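Asker: Below you'll find the structure I mean.
The values are calculated or read from the model by the stated rules, or taken from the named source; none is laboratory data. Every value quoted in this text rests on a predicted model; they were computed, and no experiment measured them. Heads up, the Cβs are rebuilt from the backbone with ideal geometry, glycines too, and the neighbour counts pull from every protein chain shown. In case anyone asks, the SASA skips ligands and DNA or RNA and just uses the protein heavy atoms, side chains included. Shrake-Rupley method; radii C 1.70, N 1.55, O 1.52, S 1.80 Å.
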Amino acid sequence: MKKIINKKFLVLSICIIVLNLLIKGFLVTSHPNSINPEEIDLITRLSFLKSFDPYSLRYIIVAISSLFTTLSFILLYRITKNLSWSFLSGLLLTYSPWIFIISRYSNFYLVVLSLCISSFLFFYKSKLKYILIFFLIFISGYFLYQNKIFITNNYINDFGAILRLIDFKNLYFTGDYTSSFIRIPKTGFFLLFEFLIFLYGIYTLVFEPCNNKVKRIIFEIFLIGFIWFFITPSNLIISNKSMFIFYSIGLVIAFGYSSLMSKRATVAWFIMPLIICGFIFYQELFYFHFDIKNSSDWGFSEEKISKFLETNAKNLNFVYVSKDASSFIKYLPIFGKNFVTKKINIIENDWIRDKALTICIKKKVICILKESDLKPIGLGRDNLREKIYYYNGLTAYLILSKESLTINVLNK
């Protein structure tokens, strides 16, 4: 009997690894189709990462996320010997929207989550695991925020945020309400129908006996999540502040699935189609709508303007950039490595109004502006030929130069 269970455990472990690599790694370098500001900040902070292709770095995160899911499955089984719950927990960590999206880009917080679960696994019989986990949390916070780990917090706001987090609408429909760049359209942190399974899981844990080990591990992870939520800065996006809490919620949902199917095996025939349909629905939203919906929050246009400057580096002596258009500059070391940033000058509104039409049309000079910068100099978007667009087709940057200006403007 023990050999049969061991074979099942091995087969299910392999299934989780394969599913994670397939689901989280499928087209990971093209969806999302650009690099977000968080990835740029991480690469800038860890300068050795600049030698890597920023899109290829996502494979590492996919591997870490897959490892985390597998270690979680092993941990839960070792503690509870509940193979069904452990596997379903691993399955949720494979397809749940909250972890799927943070597994699609270079994400330091997922590394922290994985290290903490690794400490649980390798020291699960020792109280040393708590020391290691809190050490990891505080070191991670110091690494990210220097000595501001507590100072930057507004704890009253955090209490409000945690209440807002567990709101049904945000958990199962809206998703991350603090940041649009990570939000999959019409998708919450979990699949919509799993709300009922979550309630059933809570009911089962509270009112049915013999689940003490399951209750304890869920409570311990939630407690870690609660501490992580309050020691990280208030302006950190909810997806990263709440990852331990989401993990514990996922464990409750998985227990609801496991308990329901153990009592009524036929329920599986109804639940599995729901899971598959929910999975296909949000995957379709991600692959076909995410990049269009979030185009202005990611670095699609910043990458394009950086590559434009690198391509034309030899033909440019000065580049004047308005403050509103300067967000692309942090992308230059990644996508415009051969462009000398000393050529860039940040300009004020007064400079644009008084000097733009004189200086920007000189030889080997361009000005990079936003559409709102054109009004003071009497120009419109249609007066410039050279534009950089967001993926959704809207104008992101306009390039003012002698070559870009239309003939009728030059003749004014």
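Asker: Tell me the residue from GLY250, GLY256 that is modelled with pLDDT of 90 or more, under 19 Å from LEU205 (Cα atoms), of a type outside the set (Lys, Arg) and under 19 Å from the mean Cα position of the chain (by Cα), please.
Answerer: Being modelled with pLDDT of 90 or more, under 19 Å from LEU205 (Cα atoms), of a type outside the set (Lys, Arg) and under 19 Å from the mean Cα position of the chain (by Cα) holds for just one of GLY250, GLY256, which is GLY250.
Asker: So which of PHE173, PHE246, PHE229 ends up being part of a helix (DSSP H, G or I) and open to solvent by 20 Å² or more (accessible area, probe 1.4 Å)?
Answerer: It is PHE173.
Asker: If you don't mind, another one. Only residues that are over 23 Å from SER140 (Cα atoms) and either at pLDDT 90 or above or polar (S, T, N, Q) (or both): list them for segment 54-82, please.
Answerer: Of everything in segment 54-82, those that are over 23 Å from SER140 (Cα atoms) and either at pLDDT 90 or above or polar (S, T, N, Q) (or both) turn out to be TYR55, SER56, PHE73, ILE74, LEU76, TYR77, THR80, ASN82.
Asker: Filter segment 255-277 for residues that are surrounded by 14 or more Cβ atoms within 10 Å (Cβ to Cβ) and out of contact with any helix residue (DSSP H, G or I) (no Cβ under 8 Å at 6 or more places or on another chain) and give the result.
Answerer: LEU274
Asker: Something else about it: Restricting attention to segment 26-41, and to residues there that are assigned to a helix (DSSP H, G or I) and open to solvent by 20 Å² or more (accessible area, probe 1.4 Å), which single residue is farthest from TYR391 (Cα to Cα)?
Answerer: Ranking the qualifying residues of segment 26-41, first place goes to ASP41.
Asker: When you scan segment 90-120, how many residues do you find that are open to solvent by less than 10 Å² (accessible area, probe 1.4 Å) and either over 18 Å from the mean Cα position of the chain (by Cα) or not assigned by the TED database to the domain that holds ALA63 (or both)?
Answerer: 4
Asker: For segment 296-378, give me every one of the helices (runs of 4 or more DSSP H) that falls completely inside it and has 3 or more residues that are in contact with a helix residue (DSSP H, G or I) (Cβ under 6 Å, 6 or more places away or on another chain) and not hydrophobic (A, V, I, L, M, F, W, C).
Answerer: 300-311
Asker: Only one of these is out of contact with any Leu (no Cβ under 8 Å at 6 or more places or on another chain), assigned by the TED database to the domain that holds GLY175 and in a helix (DSSP H, G or I): SER259, SER234. Name it.
Answerer: SER259
Asker: Then there is this: Is it fair to say ARG58 is in the same structural domain as ILE276 (by the TED database), within 27 Å of PHE288 (Cα to Cα), open to solvent by less than 10 Å² (accessible area, probe 1.4 Å) and assigned to a loop (DSSP other than H, G, I, E, B)?
Answerer: no
Asker: Also, I was wondering about something else. Which condition from (1) in a helix (DSSP H, G or I); (2) in contact (Cβ under 8 Å) with a residue 12 or more places away in the chain; (3) surrounded by 12 or more Cβ atoms within 10 Å (Cβ to Cβ) is the one that ASN392 breaks?
Answerer: Looking at each condition in turn, ASN392 falls short on (1).
Asker: I'm told LEU10 meets every condition in (1) outside any helix (DSSP H, G or I); (2) loosely packed, with under 15 Cβ neighbours inside 10 Å except one. Can you identify the failing condition by its number?
Answerer: Just one mismatch for LEU10, condition (1).
Asker: For the condition closer than 30 Å to PHE290 by Cβ, at pLDDT 85 or above and in the same structural domain as PHE68 (by the TED database), what is the one hit in ILE166, ILE162, ILE182, ILE202?
Answerer: On inspection, the qualifying residue turns out to be ILE182.
Asker: LYS370 fails exactly one of the following numbered conditions: (1) open to solvent by less than 70 Å² (accessible area, probe 1.4 Å); (2) within 27 Å of LEU46 (Cβ to Cβ). What is the number of that condition?
Answerer: Of everything listed in (1) open to solvent by less than 70 Å² (accessible area, probe 1.4 Å); (2) within 27 Å of LEU46 (Cβ to Cβ), LYS370 misses just condition (2).
Asker: From the list LYS323, LYS342, LYS337, pick out the single residue that is over 29 Å from the mean Cα position of the chain (by Cα) and surrounded by fewer than 16 Cβ atoms within 10 Å (Cβ to Cβ).
Answerer: Exactly one residue qualifies, and that residue is LYS342.
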